[in-house]
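Enquirer: One structure, pasted below without further comment.
The values are calculated or read from the model by the stated rules, or taken from the named source; none is laboratory data. Bear in mind that the values here come from a model prediction, so they are computed numbers and not experimental data. Cβ sites come from the backbone with ideal geometry, for glycine too, and all protein chains shown count toward neighbours. These area figures cover heavy atoms from the full protein model, side chains too; ligands, DNA and RNA do not enter into them. Shrake-Rupley method; radii C 1.70, N 1.55, O 1.52, S 1.80 Å.
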Amino acid sequence: MKGMIRILLVFCIFGTLVFGMSAQDTEISLLQWSHFVPRYDEWFDAYAAEWGAENGIGVTVDHVNFTELFSTLAAEIDAGDGHSIVEVLFSPASFIDGLHDLRDINEAAAEMYGERASTCEAASYLPVTDTWYAFAHGYVPDPGDYDIALWTEAGYPNGPRTYDDLLEGGRAIYETAGIPVGIGMSPELDSRMATRAAIWSFGGSIQDENENVVLNSDETIAAVKYLAQLQNEAMTDEVFGWTAASNNQGLIAGELSYILNSNSAYRSLQKIDAAAAANIGFTPALEGPAGAYASSHVWQIYVIPNYVEGAELAAAKQFILDHTASYSDATYHSELYNFPCYASAVPELDGWLEADPWGSEPPNKFEVLKTVNDWSVHLGFPGVTNPAVSQVFAESIIPNMVAQVALGEMNAEDAVAQAHERIEEIFNEWRARGLVGGGE
């Protein structure tokens, strides 16, 4: 029945692609990242080729490092020519003027699968313009990853569950075993995520629910002071020069007691040393004075640039909907890295979290992720993920602010005030373009 509904919806939206042009005359191309899990790319490339053969449409897929996605998208939009579909890992709201409104396929998917995860809606919809500028098909949880033996020895057999636990237990482990906590404070992806998680959990945020900048608050200052203390008492100075791979590498090498990351480091370790992987546990977002919040680690987001037209556009939209219909395969072959934006598209997920199909010990290692929608939020929380939020993220303003305090270069009050001022400038620039609300 689901398949029939999909076929009918696709037919109603796209008809026979474009009147007078057959599918056999059509080609589409995709650009997406080289997935962390090589098995996923193997599955996806075969899926795309099979889909093309079944639909009589030529399909090509190009993979690049995730750091190249936005620069390539920008260049192709400027040139007015390029890939039919581009997959990015963070909200592309700042590119909204160069992208097709994908309201039709977002509404079709909602009709087919029901409610989507709120973090996915936030990464693809801009309320101020009422535009679905993207289609988010997946997201990646960002739990805590911890060394079970070290934390058990410190008195936390289930790992840290609060920020107080992280400081007290992490400091004890560092003092006795010489193994630090691994929360980055450099201008890179994982540092941006970890510092935001702490600020939210202490009650601070970049903006409020009405898109007004509120970073400069007692709550944010308290979070920054906490992170500086954590670095000074339970970490090394290496965190100031980390790349996105550094915390993964440290956990795999047994040189870090706790990191905030997806399941990526664990999956790598699982292939290298099964016994060492069994010693890695996962926690939900750590609880602070205001609750427990962590951003999704990344999102899988499709966009279609405005230069795509006619039969190519219709075929691209059909591909996106059909890919969503195959999301059980996508989640499985990503080794549970890709969580579905539409939960009903992967009815097997809870069972896989209870008994990992990829051989975890114990089998229910990922069961903690059943609660992910209780604590996983988006970059603009508690407002919307707008172009200003995306720019703040890209400029690494938040981890740089924290690093200044941890290094003793500024006090927390001045560092937060300075960051607030820069963020206000960014919001005002985008608000003047009509792409950010608030301002009252």
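Enquirer: Got a sec? Which helices (runs of 4 or more DSSP H) wholly within segment 133-201 have at least 2 residues that are under 13 Å from Leu230 (Cβ atoms) and out of contact with any Cys (no Cβ under 6 Å at 6 or more places or on another chain)?
Expert: Answer list for segment 133-201: 163-177, 189-201.
Enquirer: Right, here's the next one. Which residues, counting only those in segment 383-421, are in a loop (DSSP other than H, G, I, E, B) and either touching a Ser or Thr at 6+ places or on another chain (Cβ under 6 Å) or surrounded by 22 or more Cβ atoms within 10 Å (Cβ to Cβ) (or both)?
Expert: Within segment 383-421, Gly383, Val384, Thr385, Asn386 meet the criteria.
Enquirer: Follow-up. Given the criteria modelled with pLDDT under 95, in contact with a Phe, Trp or Tyr (Cβ under 9 Å, 6 or more places away or on another chain) and open to solvent by 10 Å² or more (accessible area, probe 1.4 Å), does Leu167 qualify?
Expert: no
Results for (1) in contact with a helix residue (DSSP H, G or I) (Cβ under 8 Å, 6 or more places away or on another chain); (2) not aromatic (Phe, Trp, Tyr); (3) not assigned by TED's automatic domain parsing to the domain that holds Leu286, shown as yes or no for each residue.
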site: Val303; (1), (2), (3): yes, yes, yes
site: Gly310; (1), (2), (3): no, yes, yes
site: Ala325; (1), (2), (3): yes, yes, yes
site: Ser360; (1), (2), (3): yes, yes, yes
site: Pro363; (1), (2), (3): yes, yes, yes
site: His378; (1), (2), (3): yes, yes, no
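Enquirer: Next question, about the same structure. May I ask you to list the residues in segment 422-434 that are surrounded by fewer than 24 Cβ atoms within 10 Å (Cβ to Cβ) and closer than 24 Å to Ser71 by Cβ?
Expert: Hits for segment 422-434 are Arg422, Glu425, Ile426, Glu429, Trp430, Arg433.
Enquirer: Select from segment 100-115 the residues that are in contact with a helix residue (DSSP H, G or I) (Cβ under 8 Å, 6 or more places away or on another chain), modelled with pLDDT of 95 or more and not in a helix (DSSP H, G or I) and list them in ascending order.
Expert: His100, Leu102, Gly114 - these are the residues of segment 100-115 that are in contact with a helix residue (DSSP H, G or I) (Cβ under 8 Å, 6 or more places away or on another chain), modelled with pLDDT of 95 or more and not in a helix (DSSP H, G or I).
Enquirer: Determine if segment 178-200 includes at least one residue that is surrounded by fewer than 24 Cβ atoms within 10 Å (Cβ to Cβ), free of Cβ contacts under 8 Å to residues at least 40 places away in the same chain and not hydroxyl-bearing (Ser, Thr, Tyr).
Expert: Among the residues of segment 178-200, at least one is surrounded by fewer than 24 Cβ atoms within 10 Å (Cβ to Cβ), free of Cβ contacts under 8 Å to residues at least 40 places away in the same chain and not hydroxyl-bearing (Ser, Thr, Tyr), which makes the answer yes.
Enquirer: OK, next. Any residue that is of a type in the set (A, V, I, L, M), under 22 Å from Glu188 (Cα atoms) and modelled with pLDDT under 95 - is there at least one of those in segment 57-80?
Expert: Checked segment 57-80: no residue is of a type in the set (A, V, I, L, M), under 22 Å from Glu188 (Cα atoms) and modelled with pLDDT under 95.
Enquirer: Looking only at segment 370-380, decide whether some residue is touching a Pro at 6+ places or on another chain (Cβ under 9 Å), outside any helix (DSSP H, G or I) and open to solvent by 20 Å² or more (accessible area, probe 1.4 Å).
Expert: The answer is no, given that none of the residues of segment 370-380 is touching a Pro at 6+ places or on another chain (Cβ under 9 Å), outside any helix (DSSP H, G or I) and open to solvent by 20 Å² or more (accessible area, probe 1.4 Å).
Enquirer: Filter segment 267-308 down to residues that are among the aromatic types (Phe, Trp, Tyr) and touching a strand residue (DSSP E or B) at 6+ places or on another chain (Cβ under 8 Å) and give me whichever is farthest from Gly204 (Cα to Cα).
Expert: If we take residues in segment 267-308 being among the aromatic types (Phe, Trp, Tyr) and touching a strand residue (DSSP E or B) at 6+ places or on another chain (Cβ under 8 Å), then Tyr302 is farthest from Gly204 (Cα to Cα).
Enquirer: Inspect segment 54-67 for any residue being under 29 Å from Ser94 (Cα atoms), hydrophobic (A, V, I, L, M, F, W, C) and surrounded by fewer than 18 Cβ atoms within 10 Å (Cβ to Cβ) and give the result as yes or no.
Expert: Yes, segment 54-67 has at least one match.
Enquirer: Is it the case, given these coordinates, that Gly20 is under 20 Å from Ile304 (Cα atoms), out of contact with any Pro (no Cβ under 8 Å at 6 or more places or on another chain) and modelled with pLDDT under 95?
Expert: Taking the combined requirement at face value, the residue does not satisfy it.
Enquirer: For segment 323-336, what are the residues that are closer than 18 Å to Cys120 by Cβ and open to solvent by 10 Å² or more (accessible area, probe 1.4 Å)?
Expert: Passing the criteria: Ala325, Ser326, Ser328.
Enquirer: Looking at (1) over 30 Å from Asp322 (Cβ atoms); (2) modelled with pLDDT of 95 or more, which one does Ala265 not meet, given that it meets all the others?
Expert: Unmet for Ala265, out of (1) over 30 Å from Asp322 (Cβ atoms); (2) modelled with pLDDT of 95 or more: (2).
Enquirer: List the residue pairs whose Cβ atoms are under 6 Å apart, where the first residue sits in segment 49-67 and is part of a strand (DSSP E or B), the second is of a type in the set (A, V, I, L, M, F, W, C), and the two are 6 or more positions apart or on different chains.
Expert: Every condition considered, the pairs that remain are Val59/Ile28; Val59/Ala48; Val61/Leu30; Val61/Ala48; Asp62/Leu31.
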